[in-house]
1. Based on the Cβ-Cβ distance from Q81 to K56, what FRET efficiency comes out when R0 is 25 Å, to the nearest 0.05?
2. Given R₀ = 30 Å, FRET efficiency for E91-V220 by Cβ-Cβ distance, to 0.05?
3. Would you mind checking the pairs K231/K325; K97/K253; K258/K325; K231/K320; K97/K306 and listing those with alpha carbons more than 29 angstrom apart?
4. How much length, in nm to one decimal, is gained on full extension between N205 and D174, taken as 0.36 nm per residue of separation minus their Cα-Cα distance?
5. Using the Karplus curve 6.51 cos²θ - 1.76 cosθ + 1.60 with θ = phi - 60°, what ³J(HN,Hα) values do you get for each residue of segment 262-272, in whole Hz, with x for Gly and Pro?
6. Please sort 286-299, 312-325 by packing, taking for each peptide the average over its residues of neighbouring beta carbons within 10 angstrom, highest first.
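Please treat every number below as a calculation from the coordinates, not as lab data. Note that the structure is predicted; figures quoted are calculated from it, not measured. Positions of Cβ are backbone-derived with ideal geometry, glycine not excepted, and every protein chain shown enters the neighbour counts.
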Amino acid sequence: QIDAAPPGGLAAMDEEENPHDGPGLIKLDMKQFGSGSMEDPLRHAVGMRTAQDQYKMQIWNSFPPLFQNTIFHGEQDKRVQELRQTGSVAEKLVHAKELKDEGNQLLTAARKPPATGGYQETASQQLASDILRVETAIWEKERELKELRQELAALKVQVSRPEMVAEDDDLDQDEHKNLEEAVKRYEKAAGLLRYVECTRPNWKNDDGSYKGIEDDFLRVDETALQGPEAKETKELVTSCYLNIALASQKLGKFDDMKKACDEVLAKVNPESVKALYRRAQARIGPASAVDADRDAAIQDLLAAAKLAPGDKEVRNLLTKLRADKKKQEMEDKSTFGGLFQRGEVVKGGTKSGRSDPKPMPTEWDLNDPKVQEYLDIRPGPAGA
């Protein structure tokens, strides 16, 4: 509660607040906002409001873009709106298939012929065989390591990653547009059968823009995936999501590609082999992918191989990634093995088991345990 101002108005109040007067008007010390301009406290207030909004939108923010966009389809597309409100599942399926077919045509039109370096869903068997042959030779012939790595690099120039797509820069404007439009068609097709809507009465502004979408007003509709036509509707939704993943791969949007696969596995079909396979591709697709991404991709492929032991695409990529991992482990062992093969237990600042000084080695091979012992090479800081 704010105390009333004394007679004479605010001007009559003491310049310095008496600490015993109790709560009063808040004094804003502009010095704490840096320059003292109004921009900083306003920006601070906006930041607080943004944080509050984010707290109210945690569920919404957890949805992938392909599912978030379904909230707008019912507002922007009259046919979608009508089918959601009054259409049967059979009627929704008919229109969803039409939208999917349109997406397929756009996706096909965006593919470049293999001769021009465009999209191919799988790398050639010969190229994969060459890469494996060279990597195996590296392990077996260390004396030829330099030459073999040069050959491997030359092969990998042709396909930097297995079964990956050309960079987004290689797409011309029409191809990029076709892929984006294909994604929209697939989202609408799946959005007829699985979607989210806002139940807030006035959630749009007069100019057609949208107000904040809060979790309390969200309603997810998945009833079409639970009725008599569940098998067919799930297959169609899965197919649309996987095609979105494919288009995202072509666009170089590997995060969207992974999210589309996540949505299939988490919400529609947890045993989708294609979703596991394409999620593995999405993990290793970015240039920033690290060993942990490769290991996670291997786990996806192992799960896919368990579900479909005869799938050649899964086996080929799994073999490639395992070979990459083994090669990396061998290189690490070669680089650091001599340093960490042996160690000594240090207790109380004194090396246990330390004997009299050893004679100087005649040959200085750092992989020789005797040389390591003489040089006191061991994990951790050297003892006193």
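1. On the way: r = 26 Å, r/R0 = 1.03.
After rounding, the FRET efficiency stands at 0.45.
2. Working: r = 21 Å, r/R0 = 0.69.
Taking R0 as 30 Å, the efficiency between E91 and V220 is 0.90.
3. Values: K231/K325 39 Å; K97/K253 25 Å; K258/K325 21 Å; K231/K320 34 Å; K97/K306 31 Å.
Flagged as over cut-off: K231/K325; K231/K320; K97/K306.
4. Details: separation 31, 0.36 × 31 = 11.16 nm, distance 3.37 nm.
So the extension gain works out to 7.8 nm.
5. Using θ = phi - 60°, the values come out as 4, 5, 4, 6, 8, 10, 10, 9, x, 10, 6 Hz.
6. Values: 286-299: 13.9, 312-325: 17.8.
Most protected by this proxy first, the peptides run 312-325, 286-299.
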